[in-house]
Amino acid sequence: MNWRSIWAIARKDLNEVQQNKMAWGPAIALPLIFAILMPILFSTVPQFVPVENVQRELGDIEAMLKNLPPNMQAIFNGLELEQMFVLYMTAFLFAPLFLIMPLMFSSVVGADSFVGERERKTMEALLYSPATDMELFLGKVLAAVIPAIILSWLTYFVYIVVVNIASYGLLQRIWFPLPTWWPLMFWLTPAFAVLGISVTVMISARVKTFMEAYQLTGSLVVIVLGLVLGQISGVLFLGVGTVMLIGTVIWIVNAVLIHLSIRNFKRSSLIAKL
């Protein structure tokens, strides 16, 4: 296997994706919203809103806290209402939303790589290159997965800084991240990035346009919304053990999808569709 050829294909795809605003739009907008706007909003508003209003808003949150494991409930012991609001919103409620970025970005880049190249009429030269089917496949997968993971991790580190700075006036300490966030970002996030491209490869073989592939892979966000609803309702709590379990299941699904994709990825079939 020629890794120089694989990285050359990956670099070529990344250069082409840079020209696609549909691909880079989410890469700019989502980090701004998740890492900066939301933590600032929910960390600063309780510092200026009257305590009575926060008390009224915290009615449901106090009920949600009862669904947390005892070790997590202990984090809220002795906190004021405003402090409970900030900690719950920034450390618990937003956690699953960070999985949207690797999922969406790897899906968008993958859709542009596999289907967009066919639309731009640039696929033919690549298919007739000396790279093997496996090298061609891995090059395109790496072009989608690596930026998605790096973007998610960079956003996470910005989120750490913003949350601690924005909430410092209220909590008077550096408190974030909580232990759950480490497996969430370094085990579950890569799993979702690979899931995005794995599903994209399967879909790209059956559609003809970038928008079709983008819309179909975008439906994967339903998985993340399910985790959000589960956490809000108390049905599912993303503790360390739960995150590791979900990540393991997704990695197993990824392995099956990648195996099927590699087995079905034949340049002869792609050439026939040109």
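The values are calculated or read from the model by the stated rules, or taken from the named source; none is laboratory data. None of the values given here were measured: they were computed from a predicted structure. Heads up, the Cβs are rebuilt from the backbone with ideal geometry, glycines too, and the neighbour counts pull from every protein chain shown.
Points worth noting:
- Selection within segment 1-21 - of a type in the set (A, V, I, L, M, F, W, C) and within 22 Å of the chain's Cα centre (by Cα): A10, L14, V17
- Residue, surrounded by the fewest Cβ atoms within 10 Å (Cβ to Cβ), within segment 226-261, restricted to residues that are in a helix (DSSP H, G or I) and at pLDDT below 80: S233
- Filtered residues of segment 155-176 (kept if in contact (Cβ under 8 Å) with a residue 12 or more places away in the chain, assigned to a loop (DSSP other than H, G, I, E, B) and either among the charged types (D, E, K, R) or crowded, with 18+ Cβ neighbours inside 10 Å (or both)): F176
- Considering segment 208-225, the residues that are farther than 13 Å from S113 by Cα and at pLDDT below 75 include one that is surrounded by the fewest Cβ atoms within 10 Å (Cβ to Cβ), namely S219.
- Boolean, A191 is aliphatic (A, V, I, L, M), under 23 Å from Q83 (Cα atoms) and buried (at least 19 other Cβ atoms within 10 Å of the Cβ): no
- Breaking point among (1) under 21 Å from L151 (Cβ atoms); (2) surrounded by fewer than 13 Cβ atoms within 10 Å (Cβ to Cβ); (3) modelled with pLDDT of 80 or more, for A35: (2)
- Of all the residues in segment 69-87, those that are assigned to a helix (DSSP H, G or I) and free of Cβ contacts under 8 Å to residues at least 40 places away in the same chain number 7.
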